[in-house]
1. If I histogram all Cα-Cα distances within the range A:189-272 using bins 10 Å wide from 0, what percent of pairs lands in each bin?
2. Where Lys and Arg each count +1 and Asp and Glu each count -1, what net charge lies around B:Val233 among other residues with Cβ under 9 Å from its Cβ?
3. List, in the order given, every pair from A:Lys27/A:Lys425; A:Lys19/A:Lys140; A:Lys468/B:Lys46 whose Cα-Cα distance in the structure shown is over 29 Å.
4. Express in % the proportion of alpha carbon pairs of the range B:312-393 at distances exceeding 20 Å.
5. Once Rh is set to the Kirkwood radius over Cα pairs, what Stokes-Einstein translational diffusion coefficient, in µm²/s, holds for the range B:384-448 at a temperature of 4 °C and a viscosity of 1.567 mPa s?
6. What does the charge count near A:Leu198 come to, summing +1 for each Lys or Arg and -1 for each Asp or Glu among other residues with Cβ under 10 Å from its Cβ?
7. Can you give me the Cα centroid spacing of the range B:453-503 and the range B:372-450 in angstrom?
8. Would you mind counting up the charge near A:Leu370? Only other residues with Cβ under 10 Å from its Cβ, with Lys and Arg at +1 and Asp and Glu at -1.
There are 2 protein chains.
Amino acid sequence: MVNAVGRDIPEKIILETEKPVFEGAYKNSGHDVKKISSGLRSAKVKKGQLPESKLVASIDEVIDRTGLKDGMTVSFHHHMRNGDYVVNTVMEAIARKGLKDIHVAASGLFKCHEPLVPLIRDGVITKITLSTISPGPLAKAITNGYLKHPAVFMSHGGRPRAIESGELHIDVAFIAAPCCDAEGNMNGAYGKSACGVLSYAYADAEYADQVVAVTDNLVSFPASPVEISQEKVDYVVEVEAIGDPEGISFGPTKPTEDSVNLKIAETTAQFLDEAGYIRDGMSMQTGAGGTSIAVAAAVGNIMRARNVKGSFASGGITSYFVDMLKEGLFRGLLDVQCFDSAAIESYRDNPKHMAMSASQYANPNTKGALVNLLDIMILGATEMDIDFNLNVVTGSNGVILSSSGGNNDCAAGAKIAVVVTNLVKRDMCILRDNVTTVVTPGETVDVLVTEYGIAINPLRTDLLEKLKRSKLPIMTIHELKAIGESKAAKVMNPEFTDKVVAVVEYRDGTIIDVVRKPVQEF
Amino acid sequence: MVNAVGRDIPEKIILETEKPVFEGAYKNSGHDVKKISSGLRSAKVKKGQLPESKLVASIDEVIDRTGLKDGMTVSFHHHMRNGDYVVNTVMEAIARKGLKDIHVAASGLFKCHEPLVPLIRDGVITKITLSTISPGPLAKAITNGYLKHPAVFMSHGGRPRAIESGELHIDVAFIAAPCCDAEGNMNGAYGKSACGVLSYAYADAEYADQVVAVTDNLVSFPASPVEISQEKVDYVVEVEAIGDPEGISFGPTKPTEDSVNLKIAETTAQFLDEAGYIRDGMSMQTGAGGTSIAVAAAVGNIMRARNVKGSFASGGITSYFVDMLKEGLFRGLLDVQCFDSAAIESYRDNPKHMAMSASQYANPNTKGALVNLLDIMILGATEMDIDFNLNVVTGSNGVILSSSGGNNDCAAGAKIAVVVTNLVKRDMCILRDNVTTVVTPGETVDVLVTEYGIAINPLRTDLLEKLKRSKLPIMTIHELKAIGESKAAKVMNPEFTDKVVAVVEYRDGTIIDVVRKPVQEF
């Protein structure tokens, strides 16, 4: 069935997943929603006696205690990012027990999770649901179709929506806890493996049948602050280390030093200013990429110059937003993931730097997520098409490079969603007739800013009107594509098999696209 | 049907409420539990546009917007205590609209809610569910049977249990918010009407179909800290004042100065010490009554003298526990209700003074509530029987004076639950063959300390053994009762009609007793 962004979703996938296909970005907003929740076992109490200890000696033992069985779903959060040890430790223990057909529902997986690849090969892991993944062996294994069932890529807001609706039922959640007491009160702010907020784990703690805290910093009761509270936690396991904090600030979290990218960032800031979005009370989110951070820096310069005071910045937080908060450019930071140690310290020490749940951040099935209040969203993309549809999942060769993250959440909510990218990357034009995979529908993407020019989505007649006398290099998407194609030496049109290796869900749970296995093995 | 504490629960009530009768304090611990949750309407989103404002001009208008109808349930929290304006304002507006048959599900109601009495008379309010109430006209109106349906008295932990299980479905929650932004992010820590934590409202915010924040302190987005978050809130209404903060420290929140009560407090502390409960890592909760606080002070003196460092103190928090935290006698305070301005300031400024939800505090259907970790609980009671069953709901004349609060929650969880009271009050012996109303089952109550002696529950053979050489005036409950009766001039045995005016639920949702209308009108 062809969906609203023109992607042909195989009937087999529709039947297997029981998901409807994508019908439009705002089709399911303003609807009645039913949240459901899972079962639990109430604590056993006896007069005059301490409750049974939640402390369990090892990961091996806790897996036994949970009664984990073949076919069940285990979940993880990704705030330890590329330094995480918990996913590998738990999954290897599960493998040693001979369990098969496990569904790993992680909010994110990284390069460091390469040890999952042999477990996929052995049938221990047969399904993966995630919202973010970094390029590497695991992403390649998914691309190559080693999983028995297609992976499911959800947005950061789509994940708690799926958990709350019962679509993603978690049997056992394993939560890496940098600071935890013996009853399971925990936070991410303190300890040798401090990672800042634990936002993506809140839904798991709330809805999983069983919740296991895994900590390398068991503190006296009560842990303070209590970010996830004891009445949601079944077991606490102390381990030597839950991760390597050095792995948290993985990838670029500094402004670019590349002159072309710096120019793109400057142009973006100028565009936003001319479009009227840099004003008192403004809000903003960028990713952690070098060009995105450079946009934040350039916007900050304009704010300073004109004494503009913003409202909030959100998302994954880097030191650049921490500095902007300190400087008073924003009144608050709302954080779902700390990208570096400055962000972790700021969250710990500055009450204006606040954790938010993934639902508060981006869940479309709520009474109003934060993304709906965003003015400016700076997006990345691996490809874009002439309808402004975005791909952030696959490279032009078809290999999985990343996942939805908050891309389509923020694009849907933001008043202006701007894609900031080189038009020509690796000698290829990122603008195409059709992107390899659609993650973010074009109707939610407003502007493309590149080194060769700017294109405004024709749906945004207000922006076209406002910028019509601008000296910025504004052109149609077709003109920009023609330039890109003239500069690019390569076109890649890989061949794909029929095998679906991943289902890409839009934030509302509909299928916006599928990833097919390329003919070439990676 | 006669339940496990010997109370005859009318079949009619069992049928009407669809609740089982009480079978024992720990009968329903260690069981499988299903949490359910209510519906909501997802926020409507449109590209490039701000979401529809949640701000509504008045209480009248917001009632219209919610579509509130005859027979629906509205909820309130009681952290403004005897200074609250919100319950009266909302209910009077509902009355003006001609709505009838409204169920008021408040976590607590006070003297200041006298204006509800005429609304009960008029059939606007026909049912009330609450966990705490203070003596006064409203309590008398319930006693007199003016409500069409019996009131339901739940414990503080039983209330979130009932909400989460769907037994108490809330159509519209009205949450008094001392600090709130236009999206509904709120806290109780800041503002002219700061009340401290908003703990009892968390379950309402999570599970009510619609949530209205009522604030007299609308702050710029984002409010900080975010105690209840925006994605749970439908509407925000600004009013002139949500309450009079002077009404928060209502009733005794200082140590008693009465010499008899001071002696009871000293005896209690000595008993606890001899029983081995004053030791490193200990935890403790007392109510806000003068004798209870004097016990805390006396225990504190022993802790200081022996350099004992406790773990936590919990419950409604007064300045006395704030001082003990500052002094290092406890590592943390876990707070469901601030009883005075010192507690409010401490919660605001001291990270070791933490809010907890009513579920984290006392919900029996969780993976482990805080009450299960309590060592020492100091209880109050209006009456006690020879099986150690407690009444905190009615006076010996049958009039409603109070409600369960956390009494049976803490008794069930605490390692030692000590009733501290005068044996003779208002010339009557508080020890009786049968109490007027059972709220807390005797199997969870360990000790009674009075001015004339101490009685240990025979079930606690360990305590009897440990204290057998004590010089403290330990005797049987029968001996103590005989002394009390010899000192008391009055015995009150009021006559009751068959009309049930309130159903008293045990924390697990079973019926532990009913309150019948006395023949005498109050």
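1. 13, 34, 20, 15, 15, 2
2. Surrounding charge for B:Val233 is 0.
3. A:Lys27/A:Lys425
4. 41 percent
5. Translational diffusion coefficient: 109 µm²/s.
6. Residues near A:Leu198 contribute -2 overall.
7. Computed from Cα coordinates, the inter-centre distance equals 10 Å.
8. Charge balance near A:Leu370 sits at -3.
The values are calculated or read from the model by the stated rules, or taken from the named source; none is laboratory data. Since the model is a prediction, treat every value here as computed from it, not as a measurement. Positions of Cβ are backbone-derived with ideal geometry, glycine not excepted, and every protein chain shown enters the neighbour counts. These area figures cover heavy atoms from the full protein model, side chains too; ligands, DNA and RNA do not enter into them. Shrake-Rupley method; radii C 1.70, N 1.55, O 1.52, S 1.80 Å.
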